[in-house]
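Working notes, beginning with the structure itself.
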Amino acid sequence: MIQQCTPQPARHPNPTVKAQRLAHIIFERPDLEKAEKFLHHFGLHTADRTDDTLYLRGAAEAPYCYVVRKGSKARFAGFGLEVASREDLDKLVKLPGASVVEPLNTPGGGEVVRLTDPAGFRVEVVHGQTPYPAKPVREPLSLNSQQATVRVNATQRAPACPPEILKLGHIVLEVTDYQAVCAWYTKHFGLIPSDVQLLPDNVPFITFFRLDLGDTPADHHTLTFGQGLWNQFNHSAYEVVDQDAVAMGQRVLRDKGYNHAWGIGRHLLGSQIFDYWRDPWGFKHEHYCDGDVFTADNPTGVSYASKASIFQWGPPVPDNFLKPKFSLSAIIELLKNLRRSPDLSVGKLVLMARTLL
């Protein structure tokens, strides 16, 4: 049984706006051709391209969900959220450090307000994009069971090609000022904590946030924030049609020689069937299907974090999946964060290591 714990990330009673959709993710890469090749094998399609920027999309009507900008080094550069109205953009320009409302000179057009969250991540808030025609996708394969035989005198043959990505599903980030970051997103975008995971001392450690879409079911998590040693990208996830698409994605990416990170398995929180791959620069990308969805009135779950809490079934979590990558610059940054952040301490580092490593 969970004992009483410190204040958790919680719903805000009157958020500035309510985000409606995870619009896109932004990366910088030194080699656009190499990035595009991986993403095509992963299942995305190029929507547009300039000399220094790639825009890729899935099958949904969103004009793009993945942006790659030319940069001197590979890094995560931010993400976009969609809001319901121009009035929402006008509310957000009043936040500290916000840009004015600007035209969005990207596929689909629209308008944007650019913000920076407490972790320093860039957030592009968009409205008014013109949708693109949805791409056709195959129907999920039917499954026979003892209780229901739905396929008679017919075979199962999933197409041997990159899986059809339906949408960008979620982004997971590690942050040093965990409480401040969670509070910023609940206050300004109305995010709802679906599940909060605790360290053994009952201090919140990871929060899975969903969008507040009222009575419309929303994915279990669209943004997830975990207590980190420094502010960094953990992974991004993309929904595919069914479990055969997840498995075919593994076959295609393995045949192409990419680096497998972890899977196939099923998560415990969110229930997704997952498979993780690393792009040519080591950044984790997840194929998933069969995720949980909740309406706004579903209460927040609270549980303890552990390796076992990450998945219901599948291969063991690889050591390099969760272990931080240390370098001299990373150690220097960690020492600065230990002195600066109210959410980090040596004791917490020890608990985090005991919990997940």
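Got a sec? Which of THR224, THR149, THR216, THR130 is β-branched (Val, Ile, Thr) and in contact with a His (Cβ under 9 Å, 6 or more places away or on another chain)?
Details: THR149 fails: in contact with a His (Cβ under 9 Å, 6 or more places away or on another chain); THR216 fails: in contact with a His (Cβ under 9 Å, 6 or more places away or on another chain); THR130 fails: in contact with a His (Cβ under 9 Å, 6 or more places away or on another chain).
Of the residues listed, the single one that is β-branched (Val, Ile, Thr) and in contact with a His (Cβ under 9 Å, 6 or more places away or on another chain) is THR224.
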What are the pairs with Cβ atoms under 7 angstrom where one residue, in the stretch 119-143, is more than 30 Å from ASP177 (Cβ to Cβ) and the other, located anywhere, is of a type in the set (Lys, Arg) and assigned to a loop (DSSP other than H, G, I, E, B)? Sequence gap at least six, or different chains. SER142/ARG151
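Looking at the stretch 314-331, which of its residues are among the β-branched types (Val, Ile, Thr) and in a helix (DSSP H, G or I)?
Pass one, the stretch 314-331, residues among the β-branched types (Val, Ile, Thr): 317, 331.
The answer is ILE331, and nothing else.
Do we have GLY282 as buried (at least 16 other Cβ atoms within 10 Å of the Cβ), touching a strand residue (DSSP E or B) at 6+ places or on another chain (Cβ under 8 Å) and not aliphatic (A, V, I, L, M) here? Explain how you work it out, then say what you get.
Details: buried (at least 16 other Cβ atoms within 10 Å of the Cβ): no; touching a strand residue (DSSP E or B) at 6+ places or on another chain (Cβ under 8 Å): yes; not aliphatic (A, V, I, L, M): yes.
Spelling it out, it is not the case that GLY282 is buried (at least 16 other Cβ atoms within 10 Å of the Cβ), touching a strand residue (DSSP E or B) at 6+ places or on another chain (Cβ under 8 Å) and not aliphatic (A, V, I, L, M).
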Kindly list, by first and then second residue, each pair from a residue in the stretch 297-311 that is among the small types (Gly, Ala, Ser) to a residue that is assigned to a helix (DSSP H, G or I) and surrounded by 14 or more Cβ atoms within 10 Å (Cβ to Cβ), limited to pairs with Cβ atoms under 8 Å and residues at least 6 apart or on different chains. SER303/SER309; ALA305/THR355; ALA305/LEU356; SER306/THR355; SER306/LEU356
Find the residue count for the stretch 332-357, including only residues that are touching a residue at least 12 places away in the same chain (Cβ under 8 Å) and in a loop (DSSP other than H, G, I, E, B). 5
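Considering each of LEU168, LEU143 in turn, give the residue that is closer than 27 Å to GLN272 by Cβ and in contact with a Cys (Cβ under 6 Å, 6 or more places away or on another chain).
Working: LEU143 fails: in contact with a Cys (Cβ under 6 Å, 6 or more places away or on another chain).
Unique residue meeting the criteria: LEU168.
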Can you tell me how many residues within the stretch 100-147 are of a type outside the set (Phe, Trp, Tyr), within 14 Å of GLY80 (Cβ to Cβ), surrounded by 15 or more Cβ atoms within 10 Å (Cβ to Cβ) and in contact with a strand residue (DSSP E or B) (Cβ under 8 Å, 6 or more places away or on another chain)? 18
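Looking at HIS287, HIS235, HIS221, which is the one that is within 30 Å of ILE332 (Cβ to Cβ) and within 14 Å of the chain's Cα centre (by Cα)? Reasoning before the result, please.
Working: HIS287 fails: within 30 Å of ILE332 (Cβ to Cβ); HIS221 fails: within 30 Å of ILE332 (Cβ to Cβ).
Answer to the selection: HIS235.
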Specify the residue that is surrounded by the most Cβ atoms within 10 Å (Cβ to Cβ); the eligible residues are those in the stretch 177-217 that are within 18 Å of the chain's Cα centre (by Cα) and polar (S, T, N, Q). THR207
Looking for something farther than 22 Å from HIS188 by Cα and among the aliphatic types (A, V, I, L, M) - is there at least one such residue anywhere in the stretch 1-20? yes
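Every read-out reported here was derived from the displayed coordinates using simple, explicitly stated rules and does not represent laboratory data. Quick caveat, the model's predicted, so the values are computed rather than measured. Virtual Cβ from ideal backbone geometry, glycine too; neighbours counted across all protein chains shown.
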